[in-house]
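Colleague: My questions all concern the structure below.
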Amino acid sequence: MVTISCSCGAVTTSRRNPLHAMSAAERFECVRTAWSACDGFLTIEVDASWHPGTDAPDERCVVLVDMDALDACAGLDPIEAEGIAALLRLAHVRGRVLPDPVLVGPVRFRVTPAEEFTGAVTYLVHDGETTLLEHTCAYGGRDELASLVDLYREHGAPALVQVDGLADRLGLALAVQGVRRARTPSVA
C-alpha cells in the first residue's frame with residue numbers, strides 16, 4: 001500500500017504502485033534520484049495522473065508517492081530486491097546522499113529529508129530526549145553537519161542551542177560561524 005499526497009493537501013492510500021511495471025534497472029534509477037529516501041522509506045515524484053484529489057490538479061501541484069521497501073521491491077527477484085533495499089537504507093534527497101548520523105557521547109547529530117515539498121533537509125541534534133537543534137533548510141553538503149559536531153566538541157550544548165535560535169534568521173552556516181566567533185576568546 002502506498003500513500004499518495006499532493007502539495008495542495010490532497011492525500012490518499014492506494015494499492016497502485018508506480019514502480020510495479022518498472023524493471024530492476026529502472027527502479028534503481030528511480031530510487032537513486034528520488035525526492036527522498038530515509039530509514040527504508042521512499043518518496044518519489046509522479047505525474048499529475050496520480051493526483052489524489054477529487055478536483056483536477058493545479059499546475060503548481062507536486063504529487064508525491066510514499067512507500068516502504070516492501071512496495072519498492074515488490075515483484076523483483078531476491079538479489080534485485082536486496083539492491084533496492086540497500087539503496088533505501090542510504091538517506092538521500094534529490095540524488096544527494098546525506099551523511100550518516102554522528103554520535104558524540106549521548107548527543108546524536110543527523111540530517112534527514114524534510115517533511116516539505118521543497119527537497120530540503122532537517123538538521124537535528126538530540127541529547128537523549130532533549131532537542132538541542134532542529135533546523136530545516138536546503139542541503140549545504142557534509143560540511144554543515146561536521147561544523148555542528150565540531151562546534152559541540154569545542155563549546156558544548158549551549159552553543160548548539162544558540163545556533164538553533166539564530167539559524168532561521170541567518171542560515172545555518174552563518175549561525176555556526178557567528179556563535180563560534182562569539183565564543184572564541186579574542187587574541188590581542
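The values are calculated or read from the model by the stated rules, or taken from the named source; none is laboratory data. No experiment lies behind these values; they were computed from the predicted model shown. Every residue, glycine as well, gets a Cβ built from its backbone with ideal geometry; the counts of neighbours run over all protein chains shown. The protein model used for the area step is the full one, side chains on, heavy atoms only, and it has no ligands, DNA or RNA in it. Shrake-Rupley method; radii C 1.70, N 1.55, O 1.52, S 1.80 Å.
Colleague: Below 10 angstrom from the Cβ of P101, what's the summed charge of the other residues (Lys, Arg +1; Asp, Glu -1)?
Modeller: Result for the neighbourhood of P101: +1.
Colleague: Name the most mobile residue of V104, V149, V161, meaning the one with the largest mean-square fluctuation, in a Gaussian network model of the chain with Cα contacts below 10 Å.
Modeller: Maximum fluctuation in the GNM of the chain, among the listed residues, is at V104.
Colleague: Could I ask something else about it? With angles folded into 0 to 90 degrees, how steeply does helix 78-88 sit against the dominant principal axis of the chain? Use alpha carbons for both and round to 10.
Modeller: Approximately 40 degrees, to the nearest 10.
Colleague: Based solely on its DSSP helices, what 222 nm [θ] is calculated for the chain when runs of n ≥ 4 H residues each add -39,500 (n - 2.57) and the sum is averaged over all residues, nearest 500 deg cm²/dmol?
Modeller: After summing the helix terms and dividing by residue count, I get -10500 deg cm²/dmol.
Colleague: Okay, moving on. Shape verdict for the range 1-72, please, from the Cα gyration tensor: rounded (a/c under 1.5), prolate (a/b greater than b/c) or oblate.
Modeller: Verdict is prolate for the range 1-72.
Colleague: For the chain, which semi-axes, largest first and in whole Å, follow from the square roots of 5 times the eigenvalues of its Cα gyration tensor?
Modeller: Working from the Cα gyration tensor, I get semi-axes of 37, 19, 13 Å.
Colleague: Modelling each spin label as a point 7 Å along the Cα-to-Cβ direction, I'd like the A21/E134 distance in nm, to one decimal.
Modeller: Spacing of the two 7 Å Cα→Cβ label points: 4.1 nm.
Colleague: Probe of 1.4 angstrom, ligands and nucleic acids ignored: what's the accessible area per residue over the range 10-111, in square angstrom?
Modeller: I get 56 Å² per residue for the range 10-111.
Colleague: Right, another one. Leaving ligands, DNA and RNA out of it, report the carbon-plus-sulfur percent of the accessible area of the chain at a 1.4 Å probe.
Modeller: C and S fraction of accessible area: 53 percent.
Colleague: May I ask for the percentage of alpha-carbon pairs in the range 31-70 that lie more than 16 Å from each other?
Modeller: So the portion of pairs separated by more than 16 Å is 39 percent.
Colleague: Moving to a separate point now. I need the phi-derived Karplus couplings for the range 129-141: 6.51 cos²θ - 1.76 cosθ + 1.60, θ = phi - 60°, integer Hz, Gly and Pro marked x.
Modeller: Computed from phi, the couplings for the range 129-141 are 8, 8, 8, 8, 8, 8, 9, 9, 6, 5, 6, x, x Hz.
Colleague: Net charge near T131, counting Lys/Arg +1 and Asp/Glu -1 over other residues with Cβ under 13 Å of its Cβ?
Modeller: -2
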